[in-house]
Amino acid sequence: MVRFGLTVVRHGETRYNKDKILQGQGVDEPLSATGFRQADAAGLFLSNVKFTHVFSSDLLRAKQTAATILGKNKFCRDLEIKYDARLRERKYGVAEGRPLTDLKAMAKAAGEQCPSFTPSGGETLDEVRERARDFFEFLCQLVVELEQKEQDTHGAASRSSGTSEEPLVFPWTDHCSEAEHSSDNGGASKILDANILVVSHGAYMRNWLGYFVSDLNCTLPTNLTKSQLSSVSPNTGVSHFVIKLENGNLLKPEVTCVCLNQDSHLVDVGAECVAQKMF
């Protein structure tokens, strides 16, 4: 069985986030001072997690967040960040650079509602979900090939004995009920073939979760509400998933959500952590 951890973090705040202006892909704003403080806080929260791979959207706000988080890590500061356009925010076309209220007005005029409304030149929700599906399948293939390579190089026995000596730290389990992480209490079950960090965007991440839930029947925390499930992550909100691939079967990944949009690390940042549901 192939098993890997997936930690997904939304980028830190930009001035456009604060002013509720849509950025999408066409507005490439840097992090604000608050955004860098949020990224620092997320980095400290994840500082003891030994990641094996780091991927980020190639938009500046995500790149800066990923670099800041990695810079705080005790084990993998020198790990290469790989930028992938499939992790970009949803494209909002003519609405990019305009207030969120304009998007709502466009939707109303078209007799539709956000977020299902697609402005001219923008991406549909199905197109965003397809990008997320494509990237996730790429991750699964990556980890399966990595595990097969390890097996060929070292053999199952030597690899298992070496991996079990590596303690894995899961800071988010403090915020989940016992049912969600009880399976991680045993030493052997904590062995992961990879531990992947992804930094992306709010609307994209919500669509990715939608794919996990509707297409892959993702197991969710028992205390998760419908409102939380439909909400966009706050800036630098942290979500963690465990993915299992029985016999390396890429067609039937088992996805378990350990926590969703965790933001306890922001308690001392003083930032506005209220996420907008519309984008």
Considering only residues that are of a type in the set (S, T, N, Q) and closer than 23 Å to residue 2 by Cβ, which ones fall in the stretch 215-237?
217, 219
What's the total number of residues in the stretch 100-123 that are open to solvent by 40 Å² or more (accessible area, probe 1.4 Å), within 20 Å of residue 27 (Cβ to Cβ), hydrophobic (A, V, I, L, M, F, W, C) and part of a loop (DSSP other than H, G, I, E, B)?
0
For the stretch 223-273 the number of residues that are out of contact with any Asp or Glu (no Cβ under 9 Å at 6 or more places or on another chain), surrounded by 16 or more Cβ atoms within 10 Å (Cβ to Cβ) and among the β-branched types (Val, Ile, Thr) is 2
Failed criterion for residue 143 (all others in (1) under 18 Å from the mean Cα position of the chain (by Cα); (2) closer than 23 Å to residue 11 by Cα hold):
(2)
Which of the residues belonging to the stretch 235-257 are on the phi < 0 side of the Ramachandran plot, under 11 Å from the mean Cα position of the chain (by Cα) and among the hydroxyl-bearing types (Ser, Thr, Tyr)?
239
Could you pull out the residue among 214, 189, 200 that is at pLDDT below 90 and not β-branched (Val, Ile, Thr)?
189
Is it the case that residue 132 is modelled with pLDDT of 95 or more, part of a helix (DSSP H, G or I), aliphatic (A, V, I, L, M) and touching a Cys at 6+ places or on another chain (Cβ under 6 Å)?
no
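The values are calculated or read from the model by the stated rules, or taken from the named source; none is laboratory data. As the structure is a prediction and not an experimental result, all values here were calculated from the model. Glycine also receives a Cβ, built like all others from the backbone with ideal geometry; neighbour counts cover every protein chain displayed. Protein only, heavy atoms only, side chains kept; ligands, DNA and RNA dropped before computing areas. Shrake-Rupley method; radii C 1.70, N 1.55, O 1.52, S 1.80 Å.
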